[in-house]
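Worksheet: the structure to be examined is printed underneath.
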Amino acid sequence: MTSTLPTPARDAAHRDDIDGLRAVSVGAVVIAHLGATWLPGGFVGVDVFFVISGYLITGILARDLDGGRFSFLDFYERRLRRLYPALLAMLAVTAPIAWYLFLVRDLKAFGLSLAWTPLFASNFVFMGQTGYFDPDAATKPLLHTWSLGVEEQYYLLFPLLLVGAKRFGVARLPVVAGLVAVSFLASVAAGILHRGDAYYLLPTRVWEIGAGALLALVPPRLSDGARGRLGVVGLGLVVVSTVVIDETQAFPGWIAVLPVGGTVAVLASGVGPAARLLATAPFAFLGRISYSVYLWHWPPIVFLHWLTHRPPTAGEAVAIAAATVVVAWGSTVLLEAPIRARRVLASRWALFTAFAGVSAVLVGLGFLFAFADVSPSAATPGQAALAAVERERVAIAELCPGVDAGIVGERPACRIGAGEGAVRFALLGDSHARVAAGALDAAGRATGRGGLYLARTGCPPLPGLEYFDDSILRCDANLTAALAAIAAEPEITDVFVVARWARAVAGLEYGRPKARPLPIFDGGKRVGEGERQALFAERLMALVDRLGDKRVHVVASVPEVPFDVPAALSNAIRLGREPPPGPVVGEHLGWQAAPRALFATVAQVRPRLDVIDPTAVFCDAERCAVTGEAGPLYSDSDHLSRAGAMRLEPLFARALGAAGR
């Protein structure tokens, strides 16, 4: 016996199995965010949401267009009634908590996301702030709203596309199919090129929403038995994708076909064992409140992280999950449902006025947080001092204003150390060199030696290497110009090279050994993970060789810390508890093992290479310090504060003193 999927007109009937599929998607997201290592791909639940949205909304659009009753005002009113009530409520609750907890820097970042979320543009904010899988993503209470931005940007454009196709007599199926194909190719290309910003952008996500749209426009004709089997396979693909996909893979990209294809298959089914399972009461209940669950689950995870500087314990995870379901149910029943059913804000004018007013307040509050110093984090003298550390300018910015603008040769020359006499040393490196420059300046003044600051933030200080294949930072050009500047000063005897070496050599963030390595490019070609160590050794030797008879002092990395130090210390004061300890010495040395082995290897064949190890000035026999008598030693989790950087001064002075003998 054969049958077809319901036509768009008939498919307006509610399907409990789609609610169940929503439950699977939001459950995967929440479980993964709560720290379940056994579900590394839980984030693909968002992709499932995208496909479901494309399927349902396109079906509505197609029916309304074919029936001659489509109205942009009606369409967007329905979208607002669906999305805004819970969203604005979540923002209104989250904002004062963030204001109370966050130090100035993080409150400013939060303010930008708060300002742009009601405008469905927070994805652009997060694209500029952090990668979805970066460690500091756990400090962004509104990070999850990126998906709302992508989805609503799609629905600003997609109805125009369908209306235009109808008006000009163009078949909508080829138009949508072409859009899906182009977006999919862009998504795959972005993955190959390791474009992390592609995660947040509409062009690389259109194909996921569009896959659901294609299904709504052309439902397959299959027997009930075939549809039942299709549903089982589809649900299996969705579940498997949450286990086999993880953050080390390029996403979205070709691998996203698994959850997207699985979702399409479940939607195309509607019958059989998978549909019956998804339509059971627990799945259907969670699915009906899934939007609110998604909105409310993430902020408490972030705030708990801020207070504890660790993932949730099992008990905390259960408590957050249970509280989220309760709040989401209340939000759905007491807020969303009355507004969607027009029992509250029945008229369009009342709806638009109310939402515009609340949105304006939130947007204004967000910009206030972002551009004014309104954080209460300076409530005590101790907190005020910590907030000042977080805001402080690095010494080099005061020594050489404008030095961060452009590369060497295109920016103002920057002399550090003694202000008179010949130039005797130079500093190369990345942002870690930038924060260390103040200590080297002090050492130069103490020993009567002047030097050149030639570092470039975000750049590996080795010939030919870039972190980005499109040369945004022009790292190799900066290093070439820096070496030319050194060659032009024949009395330079010492060159210091400072970098975040473990991240450069291994491509990993501290505390994320299973993450996808940060890529490194050599002449525009991505370097294979197995080639990195040998390549860095080769390029370090090349750097020593290009510097001729000069002594090269490579400064091993300072200890990295698994939390933002000023924020952790401020929260400890606020809560009246002991601050979290710094890393165990063994952890620090283990994390730095690869670059240290590299330095030792190169030093054996290039005796002019000297390794300066800062471990002893930060660590005792057991742990590495995060604070000292002068205050926090770090301005975040890996960059030294000005007080912390000054701990390097004796090491630099010793090297410069030896050079003078």
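Quick look at the numbers
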read-out	value
Simple Cβ-charge dipole of the chain, Lys/Arg +1 and Asp/Glu -1, about Cα centre, in debye nearest 20	1460
Region 58-146, accessible surface, carbon-and-sulfur percent (1.4 angstrom probe)	67
Partners for Lys525 among aspartates and glutamates (Cα-Cα distance below 18 Å; same-chain residues under 8 apart left out)	Glu466, Asp469, Asp470, Asp476, Glu538
Burial order of peptide ranges 487-495, 86-94 (average beta-carbon count within 10 Å, highest first)	86-94, 487-495
From phi via Karplus (6.51, -1.76, 1.60), per-residue ³J(HN,Hα) for region 624-629 in Hz, x at Gly/Pro	9, 7, 10, 8, x, 4
Stokes-Einstein diffusion coefficient of region 583-634, Kirkwood radius over Cα pairs, 25 °C, 0.890 mPa s, in µm²/s	195
Protection-proxy order for peptides 96-104, 617-625, 582-590, each taking the mean of Cβ atoms within 10 Å per residue, highest first	96-104, 582-590, 617-625
Rounded, prolate or oblate (a/c below 1.5 giving rounded, otherwise prolate when a/b exceeds b/c) for region 530-569 by Cα gyration tensor	oblate
Answer label for Cα Rg over 2.2 N^0.38 Å (calculated), chosen among [x] 0.97; [y] 1.13; [z] 1.08	[z]
For region 479-573, alpha-carbon Rg over 2.2 N^0.38 Å	1.40
Share of carbon and sulfur in the accessible heavy-atom surface of region 545-657 [1.4 Å probe, %]	55
Ranked by how many other beta carbons lie within 10 Å on average, peptides 218-224, 387-393 from highest	387-393, 218-224
Accessible area of the chain divided out per residue, in Å², using a probe of 1.4 angstrom	40
Region 392-538, accessible surface, carbon-and-sulfur percent (1.4 angstrom probe)	54
Size of electric dipole in region 407-453: Cβ of Lys, Arg +1 and of Asp, Glu -1, about Cα centre, debye, nearest 20	100
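The values are calculated or read from the model by the stated rules, or taken from the named source; none is laboratory data. Given the structure is predicted, the values throughout are model-derived calculations rather than measurements. So basically every Cβ, Gly included, is an ideal-geometry build from the backbone, and we count neighbours across all protein chains shown. The protein model used for the area step is the full one, side chains on, heavy atoms only, and it has no ligands, DNA or RNA in it. Shrake-Rupley method; radii C 1.70, N 1.55, O 1.52, S 1.80 Å.
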